[in-house]
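Accompanying notes for the structure given below.
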Amino acid sequence: MSQPADPDSRNFGTVAIVGVGLIGGSIAMALKGRGTARSVIGVGRSASRLQEARDRGIIDEGLLELSVAAYRSDLLVFCTPVDRIAAGVREAAAACRPGTLITDAGSVKGSICRDLSEELPSGVEFVGAHPLAGSEKQGFEFAEATLFEDRVCVVTPVTTTSPRALERVSSFWKSLGATLVEMPPEAHDRSLGETSHLPHLVAAALAATLQSGNRALAASGFRDTTRIASGDPDLWSAILLANRGEVLASLTRFGESLERLRVALEERDSRALTDVLRSAKENRESVAVSADCGHKK
């Protein structure tokens, strides 16, 4: 049995990807494409799906037993739904060798990091992370080795996180091409509640209002605005509930903006209506410019 990988090495040894979907499959492909892992183990619940991922060259080996993969790995990356990450990490950690590191790709951090801050065996550490990459598509069929290039990945250490674990996990995400941003878990959840979770809720609400008779008339504007509503309902339900407080706060602010628009329309106030639309246009364009700059790095 190999020893945990050298923390100063650029090779992460044996990496286990728990949940080989779009994100997990993309991580595996990036590791193999960049040569930064000795081997990549995929862990899942379907032997046939794992075999297909192996046949496609996405992973080197597929295992159904998390504890077996955990014992053999130097680094584990959890890409499962957010409501299953903490329990999965605890199960894996019980089988890990001292020196093993664990990270994740969940889009909610506060509850996960709180649950795991002091519950792991000695010598095993978890550092939360969230790569801001992906799409509404599901499955490793849509995985891309370049998915994380020039994308932000937020790492969320807590007070008990060791400098070594933080540096090593940060190096892992950088090795996939990501740009690192370090934030406390709670700050991450406040920000993502506004920039990711609220947009999904709004897109879902808009898509749900579409009357069946108007589907043939829903052109690119409607499709672009509601694209993310095609995401997995079970996965997104878990995310929204896990970040319930921050999503509700963002939803309140959104409701206030919507109310300003409604009042402006009711009162035929073209100036107020134009002011809100102008502010929205400026915000949207500034986001687009930031994204373009990131992709040009």
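The values are calculated or read from the model by the stated rules, or taken from the named source; none is laboratory data. Quick caveat: nothing in here was measured; it's all calculated off a predicted structure. Positions of Cβ are backbone-derived with ideal geometry, glycine not excepted, and every protein chain shown enters the neighbour counts.
Okay, here's what the table says:
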| quantity | calculated |
| --- | --- |
| Output for the range 146-168, where each listed residue is closer than 15 Å to Met29 by Cα and in contact with a Leu (Cβ under 9 Å, 6 or more places away or on another chain) | Leu147, Phe148, Glu149 |
| Single residue of the range 174-183 satisfying the filter (in contact with a Cys (Cβ under 9 Å, 6 or more places away or on another chain) and either closer than 19 Å to Ile239 by Cβ or touching a residue at least 60 places away in the same chain (Cβ under 8 Å) (or both)) that is surrounded by the fewest Cβ atoms within 10 Å (Cβ to Cβ) | Thr179 |
| Among residues of the range 265-275, those that are part of a helix (DSSP H, G or I) and either under 15 Å from Val202 (Cα atoms) or of a type in the set (Asp, Glu) (or both), counted | 2 |
| Residues located in the range 86-106, provided they are more than 16 Å from Val15 (Cβ to Cβ) and among the charged types (D, E, K, R) | Arg90, Glu91 |
| Any hit, the range 198-211, residues being of a type outside the set (Val, Ile, Thr) and exposed (fewer than 10 other Cβ atoms within 10 Å of the Cβ) | yes |
| Helices (runs of 4 or more DSSP H) fully within the range 8-81 counting 3 or more residues that are over 24 Å from Glu136 (Cα atoms) and among the hydrophobic types (A, V, I, L, M, F, W, C) | 66-72 |
| Members of the range 107-120 found to be modelled with pLDDT of 95 or more, in a loop (DSSP other than H, G, I, E, B) and either more than 13 Å from Phe78 (Cβ to Cβ) or out of contact with any Pro (no Cβ under 8 Å at 6 or more places or on another chain) (or both), listed by number | Ser107, Val108 |
| Residues being charged (D, E, K, R) and surrounded by fewer than 17 Cβ atoms within 10 Å (Cβ to Cβ) - total across the range 63-89 | 2 |
| Selection within the range 135-149 - touching a helix residue (DSSP H, G or I) at 6+ places or on another chain (Cβ under 6 Å) and either closer than 17 Å to Leu192 by Cα or part of a helix (DSSP H, G or I) (or both) | Glu136, Phe140, Phe142 |
| Test for Gly110: is it of a type in the set (Gly, Ala, Ser), within 13 Å of the chain's Cα centre (by Cα) and buried (at least 19 other Cβ atoms within 10 Å of the Cβ) | no |
